[in-house]
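*Asks:* Here's a structure for you.
The values are calculated or read from the model by the stated rules, or taken from the named source; none is laboratory data. What you see is a predicted model, and the numbers here were worked out from it, not measured in a lab. Please note: Cβ atoms are built from the backbone with ideal geometry, for glycine as well, and neighbour counts cover all protein chains shown.
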Amino acid sequence: MTAVSFAHLHVHTEYSMLDGAARIKDVVAAAVADQQPAIAITDHGVLYGVVDFVKEARTAGIKPIIGIEAYLTDGSRFDRPTAGANRRFHMNLLAETEVGYRNLLQLSSRAFLEGYYYKPRMDFELLAEHAEGIIATSGCLGGLVPQLLAPDSVSEEGNKGQVRDFDAALAAAGRFQDIFGRDNFFIEVQDHGLAAQRAIMPDLLEISRR
């Protein structure tokens with residue numbers, strides 16, 4: 001019987017300010033104890049923990065996957081909207097290649113230098129400029145696609161849930177696929193026992209199939 005291989009690809013450490021409490025050493029140790037072949041780091045908006053993470057993972061003998069959970073605006077990163085219009089969405093970006101890692105560095109840096117407004121924000125234009133070598137996922141409940149499907153949920157970014165719009169969610173997923181490529185964009189599914197996550201699961205699976 002072939003063993004089932006599994007690796008967590010959405011992981012926050014202590015470098016996710018006010019949103020992560022897991023220390024890198026403990027994260028890697030837990031992955032090793034669970035016999036996972038790899039583990040990712042996807043801190044919110046930053047790559048501060050990457051060096052420590054890579055060193056710890058390599059020492060432990062598992063593959064480090066470098067990533068970031070980006071803050072995405074569906075407008076321009078140069079905009080400075082009023083509080084009511086200040087919407088941000090989450091999106092996981094993982095480096096598949098060295099080029100992808102260098103693009104993550106560019107994305108993170110420019111999100112701070114050009115897009116910082118409460119959070120370091122990226123936009124579609126920036127993603128398209130630095131998409132090569134990156135694997136992207138649609139993100140958690142705070143992602144653009146899930147937010148279009150979850151009118152009754154409010155993400156940690158404070159986005160007010162919109163009227164459920166499956167067609168808009170499908171179009172958003174298609175836009176991401178156009179940017180990253182058919183083999184490098186995935187619909188992310190989560191089930192932490194939250195009603196909102198379970199409510200949109202059928203829609204997410206249908207979008208993935210399409």
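*Asks:* For the stretch 23-38, which residues satisfy the criterion of being exposed (fewer than 15 other Cβ atoms within 10 Å of the Cβ) and assigned to a loop (DSSP other than H, G, I, E, B)?
*Replies:* Within the stretch 23-38, Asp34, Gln35, Pro37 qualify.
*Asks:* Being over 16 Å from the mean Cα position of the chain (by Cα), surrounded by 14 or more Cβ atoms within 10 Å (Cβ to Cβ), assigned by TED's automatic domain parsing to the domain that holds Gly45 and within 19 Å of Phe185 (Cα to Cα) is true for just one of Arg77, Arg102. Which residue is that?
*Replies:* Arg102
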